[in-house]
Amino acid sequence: MKILLKKSIISIEELKELKLNNKVIYNPNEPNIDVVIDDTTLYFYNFKEYSIEYKHWINSTTLAFIVSTLEDTLAELNSMNF
């Protein structure tokens, strides 16, 4: 997945883990962005109404795991005709 990272602070380890299976970008003008991560919320770029506040999960899992669990949801949303 292509992730736009708007988070102000991220650990090197967390960033490395995100980059293992995803393309992390910092420019909001790049095409084909799938997910946006800011300081408190993760949302699908084309489906902003599907936002997830991930702060309460971050103590028990990693940001990369949260993103990976949402891949199927994004695929389903992209396949629907709204």
* In nm, spacing of pseudo-spin labels at S51 and K16 (7 Å Cα→C-beta vector) -> 3.2 nm
* Asked: Which FRET efficiency value, to the nearest 0.05, do you get for I58 and E30 by plugging their Cβ-Cβ distance into 1/(1 + (r/R0)^6) with R0 = 22 Å?
  -> 0.30
* Scan (i) 1.49; (ii) 1.04; (iii) 1.65 for the value of Cα Rg over 2.2 N^0.38 Å calculated from this model and give just the label. => (ii)
* **Antiparallel bridges, percent of DSSP beta bridges restricted to the chain (to nearest 5)** => 55 percent
* To do: Could you work out how far helix 12-21 tilts from the main Cα principal axis of the chain, as a 0 to 90 degree angle to the nearest 10?
  => 30 degrees
* **Per-residue [θ]222 nm for the chain (sum of -39500 (n - 2.57) over DSSP H runs n ≥ 4, rounded to 500)** => -9000 deg cm²/dmol
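FYI, it's all coordinate maths here, none of it is from the lab. Computed from a predicted structure; not experimentally measured. So basically every Cβ, Gly included, is an ideal-geometry build from the backbone, and we count neighbours across all protein chains shown.
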